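J.: Sharing a structure, written as structure tokens. Questions coming.
The values are calculated or read from the model by the stated rules, or taken from the named source; none is laboratory data. Note that the structure is a prediction, hence the values are computed from the model and not measured. Backbone-built Cβ (ideal geometry, glycine too); neighbour counts: all protein chains shown.
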Amino acid sequence: HVVLATPDLAQADRFLRGVLGFKKSDEIYTFMDLWFYHCNPRHHSIALTPMPGVRGLHHVMVEVKSFDDVGMAYDLCMSRNIPLSMTLGRHVNDRMVSFYVRTPSGFDIEYGWDAVTVDEETWTVAQYDRPSVWGHQMVAQTPPGALEAATT
């Protein structure tokens with residue numbers, strides 16, 4: 001999935017749902033509000049976060065086949081001093097176990113495993129007041145200017 005920063009959440013929501021036909025999976029309201037959308041059984045393929053005056057990529061998520069893949073990649077990042085932006089944790093909405101690593105371009109890659117899928121017949125949109133069940137401690141902020149560069 002990708003998470004995109006948008007200056008106008010309502011306009012982006014209308015585009016995703018009205019033009020592209022995405023369906024909302026759920027919402028998280030915290031220090032960084034997030035709306036999640038799906039177009040297939042994957043919990044979300046796109047998420048939006050409102051950032052006035054900002055447009056751009058917040059992070060890309062890569063889902064791997066096993067928990068051990070996540071653990072080995074986490075150990076590799078730690079042993080090579082690769083900058084993490086968030087520690088290992090499990091998300092409250094899609095149940096993904098993941099961590100976030102900072103790229104040289106200033107956006108993050110979320111590396112994770114075990115997301116839930118959406119069953120259109122039974123799924124209901126939920127609202128959460130925290131992003132994670134455990135972990136995902138923030139250890140680095142997005143550098144100033146990394147997302148703002150996308151507005152020019």
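J.: Among the candidates Val60, Val92, Val3, Val97, which residue alone is under 13 Å from the mean Cα position of the chain (by Cα) and surrounded by fewer than 16 Cβ atoms within 10 Å (Cβ to Cβ)? Write out each step before concluding.
T.: On the way: Val92 fails: surrounded by fewer than 16 Cβ atoms within 10 Å (Cβ to Cβ); Val3 fails: surrounded by fewer than 16 Cβ atoms within 10 Å (Cβ to Cβ); Val97 fails: surrounded by fewer than 16 Cβ atoms within 10 Å (Cβ to Cβ).
The unique qualifying residue is Val60.
J.: Output the qualifying pairs, or none if there are none: Cβ atoms under 6 angstrom, residues six or more apart or on different chains, first residue in the range 54-72 and on the phi < 0 side of the Ramachandran plot and assigned to a loop (DSSP other than H, G, I, E, B), second residue at pLDDT below 95 and among the β-branched types (Val, Ile, Thr).
T.: Arg55/Thr151
J.: Name every residue in the range 10-31 that is in contact (Cβ under 8 Å) with a residue 40 or more places away in the chain and either farther than 15 Å from His91 by Cβ or assigned to a loop (DSSP other than H, G, I, E, B) (or both), in order of residue number.
T.: Lys23, Lys24, Tyr29, Thr30
J.: Also: Being at pLDDT 95 or above, among the charged types (D, E, K, R), over 22 Å from Trp123 (Cα atoms) and touching a strand residue (DSSP E or B) at 6+ places or on another chain (Cβ under 9 Å) narrows it down to one residue among Lys24, Lys65; which is it? Talk me through it step by step, then tell me what you get.
T.: On the way: Lys24 fails: over 22 Å from Trp123 (Cα atoms).
That would be Lys65, the only listed residue that is at pLDDT 95 or above, among the charged types (D, E, K, R), over 22 Å from Trp123 (Cα atoms) and touching a strand residue (DSSP E or B) at 6+ places or on another chain (Cβ under 9 Å).
J.: Give me the pairs: first residue in the range 115-131 and touching a residue at least 40 places away in the same chain (Cβ under 8 Å), second residue small (Gly, Ala, Ser), beta-carbon distance under 7 Å, and six or more apart or on different chains, which are they?
T.: Close Cβ pairs satisfying both conditions: Val118/Ser25; Val125/Ser25.
J.: Restricting to the range 32-53, what's the tally of residues that are among the polar types (S, T, N, Q) and either without any contact (Cβ under 8 Å) to a residue 12 or more places away in the chain or surrounded by fewer than 16 Cβ atoms within 10 Å (Cβ to Cβ) (or both)?
T.: Filtering the range 32-53 down to residues among the polar types (S, T, N, Q) leaves 40, 45, 49.
Cutting the leftovers down to either without any contact (Cβ under 8 Å) to a residue 12 or more places away in the chain or surrounded by fewer than 16 Cβ atoms within 10 Å (Cβ to Cβ) (or both) gives us 40.
Of the residues in the range 32-53, 1 are among the polar types (S, T, N, Q) and either without any contact (Cβ under 8 Å) to a residue 12 or more places away in the chain or surrounded by fewer than 16 Cβ atoms within 10 Å (Cβ to Cβ) (or both).
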